[in-house]
Amino acid sequence: MNWLKKKLSYLALVLCCGGVMSAIHSNNVSSENSYDRIQAGQWVVASMYWEDKLVSTGKTFNPIGWHAAHKTLPIGTLIRVSNPKNSRSINVTINDRGPFTPDRELDLSLGAGALLGFQGLGTVYMEVLSIPPIKNNQRPVVESLFAVNDANANCVGQATC
């Protein structure tokens, strides 16, 4: 009878701990966004740029804005950049391509670099916060042929639709 009380108390303890553990929030990884799998953050070599030019979006570069250039992240991606030397962090938007130097992965605008207390070239911690949705995502031709709600669904046998 005594061993039964011990077993039941042990079971109650395990169930209680399981309930507490299930209440703890955990971040889910979305399977829809391929960048989510690598966005736990990474150390990157960054530099600053301030040239008067047009950025990849066609707009004039704003050197005091909170922007950055990255080689592969989509334009419009929001990232958090942290300077390990002074623990400052800011959120910047990717609005350009670059840097075009092989040993660097991020170019910060002069304004973003100044707020971070960054001095030219160094290592920062980069986290991707959000990626803009893909616009004009066309469905494959075969799928479009069988779509009922498409505008061209009633175009069977017609030359122009």
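A short reminder: the numbers here are calculations on the coordinates, not readings from a lab. Worth saying up front: this structure is predicted, and the values here are computed from it rather than measured. Backbone-built Cβ (ideal geometry, glycine too); neighbour counts: all protein chains shown.
With a sphere of radius 13 Å drawn around the Cβ of SER56, what net charge do the other residues whose Cβ falls strictly inside it have (Lys, Arg +1; Asp, Glu -1)? Each step should come with its number before you reach the end.
Numbers: positive: LYS53, LYS59, LYS71, ARG97; negative: ASP96, ASP107.
That works out to +2.
In terms of packing, defined here as the mean over residues of other Cβ atoms within 10 angstrom, the peptides 105-114, 66-75 line up highest first as 105-114, 66-75.
Summary of packing: across the peptides 44-52, 93-101, the per-residue average of other C-beta atoms within 10 Å ranks them, highest first, as 93-101, 44-52. Placing R0 at 22 angstrom, the Cβ-Cβ distance between ARG88 and ASN62 gives a FRET efficiency of 0.60 after rounding to 0.05.
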